[in-house]
1. Consider region 85-121. How many of its residues are under 22 Å from residue 41 (Cβ atoms) and surrounded by 13 or more Cβ atoms within 10 Å (Cβ to Cβ)?
2. Which condition breaks for residue 57 when tested against (1) within 13 Å of residue 114 (Cβ to Cβ); (2) surrounded by 15 or more Cβ atoms within 10 Å (Cβ to Cβ)?
3. Being in contact (Cβ under 8 Å) with a residue 24 or more places away in the chain, in a loop (DSSP other than H, G, I, E, B) and buried (at least 21 other Cβ atoms within 10 Å of the Cβ), is that true of even one residue in region 16-33?
4. Picking from 56, 145, 107, 89, which residue would you name as being touching a helix residue (DSSP H, G or I) at 6+ places or on another chain (Cβ under 6 Å) and within 25 Å of residue 270 (Cβ to Cβ)?
5. List pairs: first in region 240-268 and closer than 20 Å to residue 204 by Cα, second part of a loop (DSSP other than H, G, I, E, B), Cβ under 6 Å, 6+ apart or cross-chain?
6. Quick one: would you say residue 89 is touching a residue at least 12 places away in the same chain (Cβ under 8 Å) and within 16 Å of the chain's Cα centre (by Cα)?
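The values are calculated or read from the model by the stated rules, or taken from the named source; none is laboratory data. Because the structure is a prediction, the values reported are computed rather than measured. Here the Cβ positions follow ideal geometry from the backbone for every residue, glycine too, while neighbour counts run over all protein chains shown.
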C-alpha cells in the first residue's frame, strides 16, 4: 500500500522544473489508489508537456479518461495547434460551468494556465479563487505579479505559508514575491533558490531564479555563470536565453548568438516582441530627423 506521500517526489520534481525526473518517478510508482494513479498520470503528462512533447498526451489520453486527464490533454492541444485554441477555450468554459467538474483542481489549474497564456488574467484568477491547493495559490501569485499587484501576491503568500510554509510551492512563491518587492528581499529570494537547489537538485528553473536575483543585485558575472549552467542543461530554454541577453548587455558582451537562438526556439517570446516594438518606435522617431 502506498503512503500519503507516495507522490511527493513526482510533485516536487515537477515544481522544481526537473521534468524528466518527475517522469521517471511516476513510471516507478505502483500500488496506488485510483485517485492517486490519476494524479500521477496528470503530473506525468504535464511533465511531457513542459518538455514540449505535446503529442504524447494527445495520443494517449482517451475520451473516457477522468476529467483531470482530459483537462491536461486540452492544455496539450492548446499549446500544439493554434487552430484549436478557440475550441479548447469553449470546451473549458463548458466544463467549468458544469457543477460536477467545476471543483476539479486539475481542471481549474489547466484552465487558469490557458487563460494566463491568453492574457485573460481575470478569468485565470477566478479559477484560482478560494482554492486550498498550494499549486493553484502559487499560480495566482504568479498572475498577481504579472498584473503588477505585489500587494495581492503578498496576501496570497501569507495564506500559503499558513497551510505549509516549507512546501516547495510555497518556497518558490515566496522567492517570486521577494524578487518583486526588491531591496533586501532579493537576497532572501537568492537564498531560497540556493537552498532548494542544494536540497534537491539544480534545475534550469532554479539556475534562472538565482541568476535573476544576482542581476537585481548587480552581480552580472555571477548571473552569467548560473545561466551558462542552465544552458548546459537545456540549450533551447527560452528564459535562459532571454536572461543571457540581458546579462551580456550589462557585461558589454555580444548578445546576437543568444538572441538568434531565442528567435529560432521561441519566436513569440515576450522579450522579442518588446524588442521589435521598441525598434519600430526608434525607426519612426529616426525618420523625423532624416534629411
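1. Pass one, region 85-121, residues under 22 Å from residue 41 (Cβ atoms): 88, 91-92, 95-96, 98, 100-114.
Narrowing the set further to residues that are surrounded by 13 or more Cβ atoms within 10 Å (Cβ to Cβ) leaves 88, 91-92, 95-96, 101-102, 104-114.
Summing the residues that are under 22 Å from residue 41 (Cβ atoms) and surrounded by 13 or more Cβ atoms within 10 Å (Cβ to Cβ) in region 85-121 gives 18.
2. That leaves (1) as the condition not met.
3. Yes - at least one qualifying residue is present in region 16-33.
4. Working: 56 fails: within 25 Å of residue 270 (Cβ to Cβ); 107 fails: within 25 Å of residue 270 (Cβ to Cβ); 89 fails: touching a helix residue (DSSP H, G or I) at 6+ places or on another chain (Cβ under 6 Å).
Answer to the check: 145.
5. 245/255; 248/255; 262/269; 265/236
6. On the way: touching a residue at least 12 places away in the same chain (Cβ under 8 Å): yes; within 16 Å of the chain's Cα centre (by Cα): no.
The answer is no for residue 89.
Residues are listed down the side, and each one gets a yes or a no for (1) in a helix (DSSP H, G or I); (2) modelled with pLDDT under 95:
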site: 48; (1), (2): yes, no
site: 57; (1), (2): yes, no
site: 63; (1), (2): no, yes
site: 71; (1), (2): yes, no
site: 74; (1), (2): yes, no
site: 78; (1), (2): yes, no
site: 84; (1), (2): yes, yes
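Residue by residue, here is whether (1) in a helix (DSSP H, G or I); (2) within 23 Å of residue 11 (Cβ to Cβ) holds:
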residue: 101; (1), (2): no, yes
residue: 107; (1), (2): yes, yes
residue: 116; (1), (2): yes, yes
residue: 124; (1), (2): yes, yes
residue: 130; (1), (2): no, yes
residue: 138; (1), (2): yes, yes
residue: 148; (1), (2): no, no
residue: 154; (1), (2): yes, no
residue: 162; (1), (2): yes, yes
